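The values are calculated or read from the model by the stated rules, or taken from the named source; none is laboratory data. In this text, all values refer to a predicted model and were calculated from it rather than measured experimentally. Cβ placement follows ideal geometry from the backbone for every residue including glycine, while neighbour counts extend to all protein chains displayed. Heavy atoms of the whole protein, side chains included, go into the accessibility calculation; ligands, DNA and RNA do not. Shrake-Rupley method; radii C 1.70, N 1.55, O 1.52, S 1.80 Å.
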Amino acid sequence: MSSDLLGSKFALEGRVVTMNDASPPLVMGRGVIYIEDGRIADVLDRLAVPPPGFADIEPLHTGGTIYPGLIELHNHLSYNVLPLWEVPQRFCNRSEWRGLSDYRQHVGQPMALLSTVEGSAAAIARYVEAKCLLSGVTTSQGIRFISNQGIVKEYPGLVRNAESPDDSDLPKAHTRVADVTQGEVEEVLKSQKECKCYLLHLCEGVDDDTHKYFEVLHLPDGSWAITDSLSGIHSICLKEEDFDLLKARDASVVWSPLSNHLLYGDTMDIETAKRSGVTIGIGSDWSPSGSKNLLCELKVARLVSQHRNGVFTDYELVAMATRNAARILNWQDLLGSIEKGKLADLLVLNGRRGDPYSKLLTCRETSVILVVIGGVPRY
């Protein structure tokens, strides 16, 4: 890594894709991002006068296109040491494949064995974080490791963790993998009210039994255990009125198309979800049935969108992994776009030409030339 980037104050020059609130968002053909103590001090045109304190700082000419770092909202990162499972059939819900002997042999038992090896959890954490970095991911979800002895630990490290962001200005997300039962719904509502983001595996399946896990959120008094902190991961079998309800309560959803298609042969009703206006994030789920990283999952999302007659624009897909994701985590004041005062989590791709959004969605990992997290070059 160039020594120019190792201080607490530096500047990056390139095409800057801000993902800001402007309509359309500002894209600076030759912009400079000034970074100090982990934050963006300013974002200016290359010919503009540098901000105070940067007059003697020569910007590093990246020759690339600079984006906000990618934020992944659904993963089970410890499983990303495993290869893709050859899914033997299509399922109606997750209880079917979790009890399958073929799944236990290729996924469940290897992870159970690894969890008994001293030091393996920390080593796995470092490895799967490296997979994130090489694809431009600066925040991921699901870093918690739960061994078969019930030991729960989170490993803070290179990549921001949604549940343990290692920054007091970023609220911690709460994650629940288990389906909500009737006797738990009041406690789930209480938990939602106590956090800024409640990531819930919601309706992972395609049958009527799966949809009952949404219906259980309807309380006896007619109210709903749905607040603006709730984000429904998967949400495959949600209906139009469900998405409308989530939107009305400012809740959100997280899409994982590859894993959904491999396991269930279908995915979230993205046409209806978009029409409702609900905020949509994205995540690659895990390597046994999903993409190897978020950059790949974005490509799958683009293919699904195109197959369904172009549901999302390329900008809207990039937003799922940047500004939308930050909003879902309630981190929008500090991350998700490249703006003055925000944390310097950045992704740089080689080259400046072409549409900036399709460039990200079609690039390879070899196009990633720099990843910065909190002003620190990590890759």
| Cα-based Rg of region 47-130 normalised by 2.2 N^0.38 Å, two decimals | 1.88
| In whole Å, what is the distance between the alpha-carbon centres of region 63-135 and region 358-379? | 21 Å
| request: Go ahead and set up a Gaussian network model of the chain, Cα springs under 10 Å, then flag whichever of 142, 222, 310 fluctuates most. | output: 222
| Using θ = phi - 60° and Karplus 6.51 cos²θ - 1.76 cosθ + 1.60, couplings along region 63-70 (whole Hz; Gly, Pro as x) | x, x, 10, 10, 10, x, x, 6
| query | If you average 1/r over all unlike Cα pairs in region 215-313 and invert the result, what Kirkwood radius do you get in angstrom? | reply | 14.0 Å
| Roughly what would the spin-label model give for residue 23 and residue 102, points 7 Å off Cα along C-beta, in nm? | 4.9 nm
| task | Take every Cα-Cα distance within region 138-296, group them into 10 Å bins from 0 onward, and report for each bin the whole-number percent of pairs it holds. | result | 10, 38, 38, 13, 1
| What accessible area per residue, rounded to a whole number of Å², is obtained for the chain using a probe radius of 1.4 Å? | 43 Å²
| field | Residues listed by number, region 363-379, amide nitrogen under 19 Å from residue 158 label point at 7 Å toward C-beta | value | 364-379
| said: If I histogram all Cα-Cα distances within region 272-379 using bins 5 Å wide from 0, what percent of pairs lands in each bin? | reply: 2, 11, 18, 23, 24, 14, 6, 2, 0
| message | Once R0 is set to 30 Å, what does the formula 1/(1 + (r/R0)^6) return for the Cβ-Cβ distance between residue 215 and residue 127, expressed as a FRET efficiency to the nearest 0.05? | response | 0.15
| field | Histogram of C-alpha separations across region 1-90, 5 Å bin width, % | value | 3, 11, 18, 18, 14, 8, 9, 7, 6, 4, 2, 1, 0
| note | Across all Cα atoms of the chain, Rg and the largest Cα-Cα distance (Dmax), in Å, are 20.7, 65
| Spin-label zone in region 48-74 - amide nitrogen under 12 Å from a point set 7 Å from the Cα of residue 340 along the C-beta vector | 49-52
| What is the helix-to-structure angle for 120-133, meaning the angle in degrees between its Cα long axis and the longest Cα principal axis of the chain, kept from 0 to 90 and rounded to the nearest 10? | 60 degrees
| Share of pairwise Cα separations in region 42-90, more than 11 Å, in percent | 84 percent
| field | Within a Gaussian network of the chain (alpha carbon springs, distance under 10 Å), most fluctuating of 68, 51, 257 | value | 51
| field | Centre separation in Å (Cα based) which lies between region 258-336 and region 217-248 | value | 19 Å
| Using θ = phi - 60° and the Karplus curve 6.51 cos²θ - 1.76 cosθ + 1.60, what whole-Hz ³J(HN,Hα) does each residue of region 239-255 get, with Gly and Pro shown as x? | 9, 4, 5, 5, 4, 4, 5, 4, 5, 4, 9, 6, 7, 8, 9, 10, 9
| field | q = 0.13, 0.20, 0.25, 0.32 Å⁻¹: log10 I(q)/I(0) that the Debye formula gives for region 274-321, counting C-alpha atoms only | value | -0.29, -0.67, -0.97, -1.23
